[in-house]
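Working notes, structure below.
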Amino acid sequence: MDGIVVDFHVHIFPPHVKADRSAYLARDLLFRSMYESPRARIATAEDLVASMDRAGVDISVAQGFAWTSQDLCRESNDYLLEAASRYPGRIVPFCTVQPAAGDAALRELERCVQGAPPARGLGEMRPELQGFGREDCGLWDDLARFCGQHGLILLMHASEPVGHGYPGKGGMKPTLIYQFLQRFPAWPTVLAHLGGGLPFYAAMPEVRAAMAQTYVDIAAWPLLYRPEIFAALAALGTMGRVLFGSDYPLQDQSLAVQRLREAPLAPEALAAVLGENAVRLLGLAHGG
Ligand SMILES: [Zn+2]
């Protein structure tokens, strides 16, 4: 699998949502905050695969959306699983649940891991909007236990505590992420968008220890950071934990690949970030 390219962070929705998103804008506040603008692009599985072919992306990990209602999570999961079955080996599905749904959330995850192909993770979750840090935190303990038993990776959105605002920035800041990682040290976790900056604290031994099972994706990095971040991550010895992600269709996938290839990275680090780290995390066959 030399030169494999894996995009760990893309979003797809069913054709009827792309055609008319208005019903979903009315049903979900988070969705409305991110997709109210007609300029916020929505892509289907077909759009994604066409984009992958143009961009030279071998595999995309399709992330779900952190819907407030368990029903909308389920509807979304149906589409992600169905898309993955239509494009086996090209689309790897992650699913979402509403932790507050309790047993119904666990039953839904059970269904998702029985898909063909099965869901490989839970994401893109937003723990701060989904009960983590509040009294009902125990719901997350159940999710973590289930995911541990079934080898499900967690991908969560992450928010910079400083800098400009943007739709969907949210409140999953490094302080809260650090608490999360301490509570669930064994759960393989991907922090989206460079973890809101948490990896830059990896020079603190306790933070490095808490991040032992943690990866970060670089989804939408050009909107947040200058290319100097790559030298910083390399200096901290974390390149083996960095995953390419575009946040397609927010970012054009071809442009995202091109920007990463142009970033100041050693060739081995580039290959690792573009795909090898993801292959290892997902446990995909190597050497084919
Ligand atoms: Zn995100």
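Every number in this text was worked out from the coordinates using simple rules, so none of it is lab data. Quick caveat, the model's predicted, so the values are computed rather than measured. Virtual Cβ from ideal backbone geometry, glycine too; neighbours counted across all protein chains shown.
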Open item on the list: Let's test this: bin the Cα-Cα distances of the stretch 1-150 at 5 Å from zero up to the farthest pair and state each bin's percent.
Closed with: 2, 9, 19, 21, 19, 15, 10, 4, 1, 0
TODO: For the stretch 6-282, just list the percent of Cα-Cα distances falling in each 5 Å bin from zero outward, please.
DONE: 1, 6, 13, 18, 20, 19, 13, 7, 2, 0
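Take every DSSP beta bridge with both residues inside the chain and express the antiparallel ones as a percent of the total, to the nearest 5.
Bridges in the chain that DSSP calls antiparallel: roughly 0 percent.
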TODO: Starting from the Cα of residue 204, move 7 Å in the Cα-to-Cβ direction to define the label point; list residues of the stretch 90-128 whose amide nitrogen is under 12 Å from there.
DONE: none
Open item on the list: List the residues, sorted by chain then number, that are 5 or more residues from residue 190 or on another chain and whose placed amide H is less than 5 Å from its amide H.
Closed with: 154, 155, 156, 215
Task: Förster radius 41 Å - calculated FRET efficiency between residue 228 and residue 129, Cβ distance, rounded to 0.05 - done: 0.85
- [ ] Give the distance, in whole Å, between the Cα centre of the stretch 8-27 and the Cα centre of the stretch 126-176.
- [x] 22
Open item on the list: Quick check on packing: order 203-211, 161-169 by the mean number of other C-beta atoms within 10 Å, highest mean leading.
Closed with: 203-211, 161-169
TODO: For every helix of n ≥ 4 consecutive DSSP H residues, a contribution of -39,500 (n - 2.57) applies; sum these over the chain, divide by its total residues, and give [θ] at 222 nm rounded to the nearest 500 deg cm²/dmol.
DONE: -11500 deg cm²/dmol
